[in-house]
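Asker: Supplied in structure tokens, the structure appears directly below.
Computed from the coordinates by the stated procedures, all read-outs in this text should not be read as laboratory data. This is a predicted model, so every value here is computed, not measured. As a convention, Cβ positions derive from the backbone with ideal geometry for all residues, glycine included, and neighbour counts pool all protein chains shown.
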Amino acid sequence: MKPDSANVCIPVEISEDDIVEAMKAIPGYLDITTGDFKELYQAAFAHAVQRLTETVTVGDVMITNVVSADLHTPLKDVARLMAQKRVSGVPIVDEDGRVVGVVSETDFLSHMAGEGVRSFMEVIASCLTGSQCLAVPIEAMTAEGVMSSPAIVSSAHDSVFAAANTMFEKKINRLPVVGADRRMVGIVSRSDVLRYSLPKAVS
Amino acid sequence: MKYFSKMKGTTHSPPKVGATEILWSWIGSFLGIALVAYINYEFLGDSDFLMIIGSFGASAVLIYGAIRSPLAQPRNLIGGHVLSAIIGVVFYQILSTEPWLASSLAVSTSIAVMHATKTLHPPGGATALIAIIGSDKIHSLGFLYVLVPVASGALVMLVVALLVNNIPSTRRYPEFWI
């Protein structure tokens, strides 16, 4: 059953055999029993999870040179910008630099292929079955016309854990990071969270 | 009853060490004890001094045989022996007429003090006990016991441990100084 929230606890199922095998690989006499080691490991692991999920902030992992577009930018320019910078979504800002929405690949798709179409494969399937293929013209529109609004945003003080939770629950791939005045200070995406979460190589 | 069920134990003995570890434990302890014993019998034989006491056999197990253990580190070896020797002599001096009481107070107080100073070293308990049990030669040393044989013997064994334990590539000593 898929959990509907990111708030799942990954159990640490380290077994006494795992510990015995590891101990055998270390040449010296280790002055601890397997039972005590397991207890210590699980407590330390829980401590680390707590530290990592709650103390690392969005500010620590966000990108600050953000690719963004203005409200009135023509869509073809938005598309070209996204292609050039190789991003799958851009925050949209107003004249004062405040984040007012986000344009993503999905927004393009749903406007080009008709209401309710939100995935690339639906478009391909529709094209391949000979029905109307990218029929709805959007050339004349601006970012304002297709953007998802209001933008779901994060603040630099939020924990990475909270940001990941938001992205998971709202099924979005990026969160513009804004200050108190809603002006953009950075952006955090799923890949930033992933990059942060992956265990570093053991040196 | 919960009290008795605690006595059942929850886990089992850790795995055995390899042959290399056994060999180097043997070599280190042989050389360490040989040195303090040689000084004791060949140089101090007829004097009022000694260089070896029973607790050094116990220290050898730790500083040559279980070198990664926190109990085997230099701070514990020197700190544990010295503090326990002082405590042992104190209780001998004030309670030599009741050796059963002096013994128990010496050992338990040494353990408590070693715990409190992070110098827990099992042979320290023996060093404290030996101050009470004697020999007469040890009794007559008074507080000098703390320096000879305790501190100096422990230092000699420590030097041997530092030199020998670091020879094999699979071993290193100590884990920490402070």
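Asker: Give the residues of the stretch B:44-62 that are buried (at least 20 other Cβ atoms within 10 Å of the Cβ), farther than 9 Å from B:G124 by Cα and under 9 Å from the mean Cα position of the chain (by Cα), sorted by residue number.
Answerer: B:F56, B:A60, B:L62
Asker: Quick one: count up the residues across the stretch B:1-22 that are farther than 22 Å from A:V20 by Cα and either within 14 Å of chain A (Cβ to nearest Cβ) or surrounded by 14 or more Cβ atoms within 10 Å (Cβ to Cβ) (or both).
Answerer: Here the count works out to 1.
Asker: Please enumerate the residues belonging to the stretch A:56-82 that are surrounded by fewer than 15 Cβ atoms within 10 Å (Cβ to Cβ), assigned to a helix (DSSP H, G or I) and under 19 Å from the mean Cα position of the chain (by Cα).
Answerer: Answer for the stretch A:56-82, where residues must be surrounded by fewer than 15 Cβ atoms within 10 Å (Cβ to Cβ), assigned to a helix (DSSP H, G or I) and under 19 Å from the mean Cα position of the chain (by Cα): just A:D60.
Asker: Further, regarding this structure: Take the stretch A:27-55 and flag every residue that is exposed (fewer than 13 other Cβ atoms within 10 Å of the Cβ) and either within 14 Å of chain B (Cβ to nearest Cβ) or not in a helix (DSSP H, G or I) (or both).
Answerer: Hit for the stretch A:27-55 is A:L40, nothing else.
Asker: Among the residues of the stretch A:91-110, count how many are under 21 Å from A:E139 (Cβ atoms), touching a residue at least 40 places away in the same chain (Cβ under 8 Å) and either touching a helix residue (DSSP H, G or I) at 6+ places or on another chain (Cβ under 8 Å) or assigned to a loop (DSSP other than H, G, I, E, B) (or both).
Answerer: Counting residues in the stretch A:91-110 that are under 21 Å from A:E139 (Cβ atoms), touching a residue at least 40 places away in the same chain (Cβ under 8 Å) and either touching a helix residue (DSSP H, G or I) at 6+ places or on another chain (Cβ under 8 Å) or assigned to a loop (DSSP other than H, G, I, E, B) (or both) gives 4.
Asker: Looking only at residues in the stretch B:23-43 that are surrounded by 12 or more Cβ atoms within 10 Å (Cβ to Cβ) and within 14 Å of chain A (Cβ to nearest Cβ), which one is farthest from B:Y145 (Cα to Cα)?
Answerer: Going through the qualifying residues, I end up with B:W24.
Asker: Give the residue that is farthest from A:G89 (Cα to Cα), with candidates limited to residues of the stretch A:150-167 that are of a type in the set (A, V, I, L, M) and assigned to a loop (DSSP other than H, G, I, E, B).
Answerer: A:A156
Asker: Tell me which residues, restricted to the stretch B:124-178, are exposed (fewer than 15 other Cβ atoms within 10 Å of the Cβ) and closer than 19 Å to B:T97 by Cα.
Answerer: Within the stretch B:124-178, B:G134, B:S135, B:D136, B:K137, B:S140, B:G142, B:F143 qualify.
Asker: From the set of residues in the stretch B:46-65 that are assigned to a loop (DSSP other than H, G, I, E, B) and in contact (Cβ under 8 Å) with a residue 24 or more places away in the chain, which is nearest to the other protein chains (Cβ to nearest Cβ)?
Answerer: Taking the candidates together, the pick is B:G54.
Asker: Is it the case that B:R68 is basic (K, R) and either free of Cβ contacts under 8 Å to residues at least 12 places away in the same chain or part of a helix (DSSP H, G or I) (or both)?
Answerer: Against the criterion (basic (K, R) and either free of Cβ contacts under 8 Å to residues at least 12 places away in the same chain or part of a helix (DSSP H, G or I) (or both)), B:R68 does not qualify.
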